[in-house]
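> So that we are looking at the same thing, I have put the structure below in structure tokens.
The values are calculated or read from the model by the stated rules, or taken from the named source; none is laboratory data. Note that the structure is predicted; figures quoted are calculated from it, not measured. Here the Cβ positions follow ideal geometry from the backbone for every residue, glycine too, while neighbour counts run over all protein chains shown.
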């Protein structure tokens, strides 16, 4: 009997290793296109209006989905992915607007933590960012990314064959850095708003999905990390810059995801 129990436990442990699965989310199909195209043994599963693709990528088991933009879409898609596919970690890839003035289009920010910049209270003196209720009694303002995944991505960045951006006198390669991401249901195209986010929250970049996914991961005890490739400066030229750069910078972000997968055990 004891021997059977031992063999059974070993079998369960091995199954957990074999079926370890990474969830990968992008907001829009353009952000996950090259990942889907590089998959093998791909199989589509549709739920609640979302299409998920399971299969192999860089020899690892993955499930990939596009949430569409916005916090509600992102949270719903992340929870579906966790519930349906039992992913062991969740990686978000895509584009963002720069808040840190040191960033340029093409640079990639790896999340250290994320915060919702539009969750809070308006008063006569301005906007106060609130902590988010995560349980009946607990609240958090900042959701911390998994440090192991952050380090793995930083290591993976050294082996990526980037697509250069034709900025300035010669093509520019991405610079990979780490920082705080601020999330809201708003496309930021205002220098004034950009300055407020930097002053109030000390964020490096701004997106529309990251903190919602982070909250779902926290509540499900799933490690996460978010990669954001800069497409614009979050100023009055943001829409034009986004249109110009979004495709190529999204592809570089996806390339970094593939490089990270190669390093996963």
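> Say whether the condition of being more than 22 Å from residue 73 (Cβ to Cβ) and under 20 Å from the mean Cα position of the chain (by Cα) is met by at least one residue in the range 111-132. Let's see the steps before the verdict.
Within the range 111-132, the first condition is being more than 22 Å from residue 73 (Cβ to Cβ), and the residues that meet it are 112, 121-128, 131.
Now drop any that are not under 20 Å from the mean Cα position of the chain (by Cα), which leaves 112.
Yes; the residues of the range 111-132 include at least one that is more than 22 Å from residue 73 (Cβ to Cβ) and under 20 Å from the mean Cα position of the chain (by Cα).
> Moving on. Can you name the residue in the range 214-238 that is in a loop (DSSP other than H, G, I, E, B) and touching a residue at least 60 places away in the same chain (Cβ under 8 Å) and is also surrounded by the fewest Cβ atoms within 10 Å (Cβ to Cβ) among such residues?
Looking at the filtered set, the residue picked out is 223.
> Output the residue which, of all residues in the range 197-213 that are part of a helix (DSSP H, G or I) and either touching a residue at least 40 places away in the same chain (Cβ under 8 Å) or touching a strand residue (DSSP E or B) at 6+ places or on another chain (Cβ under 6 Å) (or both), is nearest to residue 79 (Cα to Cα). Let's see the steps before the verdict.
Filtering the range 197-213 for residues part of a helix (DSSP H, G or I) gives 197-201, 210-213.
Add one more test, that the residue is either touching a residue at least 40 places away in the same chain (Cβ under 8 Å) or touching a strand residue (DSSP E or B) at 6+ places or on another chain (Cβ under 6 Å) (or both), and what stays is 197-198, 200-201, 210-213.
Working: 197: 28, 198: 30, 200: 29, 201: 26, 210: 13, 211: 13, 212: 10, 213: 8 Å.
Per the criteria, the residue is 213.
> Considering only residues that are in contact with a strand residue (DSSP E or B) (Cβ under 6 Å, 6 or more places away or on another chain) and assigned to a helix (DSSP H, G or I), look in the range 81-130 and name the one that is surrounded by the fewest Cβ atoms within 10 Å (Cβ to Cβ).
85
> Right, something else. Can you find a residue in the range 71-78 that is free of Cβ contacts under 8 Å to residues at least 40 places away in the same chain and out of contact with any helix residue (DSSP H, G or I) (no Cβ under 6 Å at 6 or more places or on another chain)?
For the range 71-78, residues free of Cβ contacts under 8 Å to residues at least 40 places away in the same chain and out of contact with any helix residue (DSSP H, G or I) (no Cβ under 6 Å at 6 or more places or on another chain): present.
> Pick from 15, 41: which is at pLDDT below 95, in contact with a strand residue (DSSP E or B) (Cβ under 9 Å, 6 or more places away or on another chain) and surrounded by fewer than 23 Cβ atoms within 10 Å (Cβ to Cβ)?
Checking each option against the conditions leaves just 41.
> Within the range 66-78, is there a residue that is modelled with pLDDT of 95 or more, part of a strand (DSSP E or B) and within 23 Å of residue 147 (Cα to Cα)?
no
> Kindly evaluate residue 257 against the criterion of being surrounded by 19 or more Cβ atoms within 10 Å (Cβ to Cβ), over 17 Å from residue 132 (Cβ atoms) and at pLDDT 95 or above.
yes
> When you go through (1) buried (at least 20 other Cβ atoms within 10 Å of the Cβ); (2) over 23 Å from residue 207 (Cβ atoms) one by one for residue 78, which number turns out not to apply?
(2)
> Which residue, of 205, 212, is under 23 Å from residue 27 (Cα atoms) and touching a helix residue (DSSP H, G or I) at 6+ places or on another chain (Cβ under 6 Å)?
212
> Taking interchain pairs and intrachain pairs at least six residues apart, which have beta carbon atoms under 8 angstrom, with the first residue in the range 24-49 and on the phi < 0 side of the Ramachandran plot and the second exposed (fewer than 15 other Cβ atoms within 10 Å of the Cβ) and outside any helix (DSSP H, G or I)?
Partner pairs satisfying both residue conditions: 39/56; 40/56; 44/51; 45/51.
> So in the range 131-169, with the set limited to residues that are surrounded by fewer than 14 Cβ atoms within 10 Å (Cβ to Cβ) and within 19 Å of residue 250 (Cα to Cα), which one is modelled with the lowest pLDDT?
167
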